[in-house]
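**Student:** What follows is a single structure, and I will ask about it in a moment.
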Amino acid sequence: MKRVLPFIIVAVVGFVTLGAGIVLYRAKRPQTTAIPKAMGASKEHAEEVHARGPANAAVTLEEYGDFQCPPCGGLEVPLQQIERDYASSLRVIFRNFPFAVHEHAHEAAYAAEAASLQGRFWEMHDLLYREQAVWAKTKDVQPLFDSYAGMIGLNLERFKKDAGGEQVKAKVESDRKRGEELGVKNTPTIFINNQSVPPTSLNPVALRAAIDAAVKDRDNGS
Amino acid sequence: MKNKRATSKPAGDTIAVPRSQIVIYSIVALISLAGLADATYLAVQALTGETMVCGGSPDCFKVLGSTYARIGGVPLALVGAVAYFSVFSFAILGAFGYARVRRFLLFTVWSMFAVTLWLLYTQAFILHAFCRYCLFSAAMVFLLAGLIVASRSP
């Protein structure tokens, strides 16, 4: 018995580790699979959604993002290149999903929504991502965001008032709530034609492949 | 006579192991279990893609989402989990008198020690960010190396 006991101990620990790993994997697997038809972006009023690209595009890419999240910032440049390359067939929608763990994520989302009230959402969106490394490390971000507002030609007084107002907070909260209903837990979470993209595919090559597949599906369907 | 009492009884092709060695092997096994839990958690995170997205510490993402966290597409944490499990297995077998496993135990622990030094250097000087799970693993490897050194001293 003494000769086999160590092998039994090792085997038990091996099986327990493997079992725990499988249970954890199942629990952590992304739960977002698809956006129900009733919640599709096309059902909403255009003014409620931040979208760029043709409204009748073959592919709609919906992103849940946090302006202070490093992976979101890292994905932004390749995503913009994809937007340019698929200009006629891709519509991009952005929704806020700021995390409390990121010190300035909510302020950044409010700044983008305040810019939206003056019709400059995407300009602020692009600027916030481009300058993420700068403002993310700053203690007081408001003066920086004010300067960004000036750079993209916003009425500064109105921007300051809107950024602290209830309307932008309600919009951010509404985006977040929608994300939670869809099972969004991390950012960026991306849906292509209402189907969620696995986190392991959040890279330019896999995204292009997913968009190509969606275009092909649409072509075959029509 | 005193020395005889301080050893466990050999069985078959095993040898008698001094009690002090059994204690050290047992501690090594326990520490490797802690490291195994840590590495398994990180490996699962990497396999689900959680380290590629954001929802927690930006520094952790910087480290775990970096290219240094994978070798040929395989998460380094998975390799770490295998290494910790090997250390656990060797320690248990060593404690039960399987003398031959000692060299494998030494090789594995010193290999992990070398990799840990490289990873600490990478975090400090290349990525400029530290991941707390990686630091915990580094602490476990340092403890293992310390115990291995202690077990060799007279």
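The values are calculated or read from the model by the stated rules, or taken from the named source; none is laboratory data. Small disclaimer: the values here were computed from a predicted structure and weren't measured. Please note: Cβ atoms are built from the backbone with ideal geometry, for glycine as well, and neighbour counts cover all protein chains shown. Quick note on the areas: whole protein, heavy atoms, side chains included, nothing else; ligands and nucleic acids left out. Shrake-Rupley method; radii C 1.70, N 1.55, O 1.52, S 1.80 Å.
**Student:** Within the range B:50-74, how many residues are among the acidic types (Asp, Glu) and either surrounded by fewer than 18 Cβ atoms within 10 Å (Cβ to Cβ) or under 30 Å from B:Arg152 (Cβ atoms) (or both)?
**Tutor:** 1
**Student:** Going through the range A:91-136 one residue at a time, which ones are outside any helix (DSSP H, G or I) and open to solvent by 10 Å² or more (accessible area, probe 1.4 Å)?
**Tutor:** A:Arg91, A:Phe99, A:Ala100, A:Val101, A:Glu103, A:Leu117, A:Gln118, A:Gly119, A:Arg120, A:Glu131, A:Ala136 - these are the residues of the range A:91-136 that are outside any helix (DSSP H, G or I) and open to solvent by 10 Å² or more (accessible area, probe 1.4 Å).
**Student:** Now a separate question. Among the listed residues A:Gly165, A:Gly183, A:Gly179, A:Gly150, identify the single one that is within 14 Å of chain B (Cβ to nearest Cβ) and farther than 17 Å from A:Phe67 by Cβ.
**Tutor:** A:Gly183
**Student:** The conditions are (1) open to solvent by 50 Å² or more (accessible area, probe 1.4 Å); (2) outside any helix (DSSP H, G or I); (3) within 11 Å of chain A (Cβ to nearest Cβ), and B:Gly97 fails exactly one of them. Which is it?
**Tutor:** Condition (1) is where B:Gly97 drops out.
**Student:** Of (1) touching a residue at least 12 places away in the same chain (Cβ under 8 Å); (2) surrounded by fewer than 21 Cβ atoms within 10 Å (Cβ to Cβ); (3) farther than 21 Å from A:His102 by Cβ, B:Phe130 satisfies all except one. Which?
**Tutor:** (3)
**Student:** A further question on this structure: Suppose we filter the range A:137-165 for residues that are open to solvent by 50 Å² or more (accessible area, probe 1.4 Å), acidic (Asp, Glu) and in a helix (DSSP H, G or I); how many remain?
**Tutor:** Residues flagged as open to solvent by 50 Å² or more (accessible area, probe 1.4 Å), acidic (Asp, Glu) and in a helix (DSSP H, G or I) within the range A:137-165 amount to 1.
**Student:** Can we say B:Val74 is more than 11 Å from chain A (Cβ to nearest Cβ), within 24 Å of B:Leu135 (Cα to Cα) and over 13 Å from the mean Cα position of the chain (by Cα)? Quick ask: steps written out before the conclusion?
**Tutor:** Numbers: more than 11 Å from chain A (Cβ to nearest Cβ): yes; within 24 Å of B:Leu135 (Cα to Cα): yes; over 13 Å from the mean Cα position of the chain (by Cα): yes.
In short, yes.
**Student:** Restricting attention to the range A:166-222, and to residues there that are among the β-branched types (Val, Ile, Thr) and in a helix (DSSP H, G or I), which single residue is most open to solvent (accessible area, probe 1.4 Å)?
**Tutor:** First, pick out the residues of the range A:166-222 that are among the β-branched types (Val, Ile, Thr): A:168, A:172, A:184, A:187, A:189-190, A:192, A:197, A:200, A:205, A:211, A:215.
Pick out the ones that are also in a helix (DSSP H, G or I) and you get A:168, A:172, A:200, A:205, A:211, A:215.
On the way: A:Val168: 3, A:Val172: 5, A:Thr200: 73, A:Val205: 113, A:Ile211: 1, A:Val215: 32 Å².
So, considering only residues that are among the β-branched types (Val, Ile, Thr) and in a helix (DSSP H, G or I), the one most open to solvent (accessible area, probe 1.4 Å) is A:Val205.
**Student:** Here is a list of conditions, (1) over 20 Å from A:Tyr25 (Cα atoms); (2) open to solvent by 50 Å² or more (accessible area, probe 1.4 Å), and B:Leu47 meets all of them except one; can you say which number that is?
**Tutor:** That leaves (1) as the condition not met.
**Student:** Same structure, new question: Filter the range A:14-32 down to residues that are within 9 Å of another protein chain (Cβ to nearest Cβ) and part of a loop (DSSP other than H, G, I, E, B) and give me whichever is surrounded by the fewest Cβ atoms within 10 Å (Cβ to Cβ).
**Tutor:** For the range A:14-32, the residue satisfying everything is A:Arg29.
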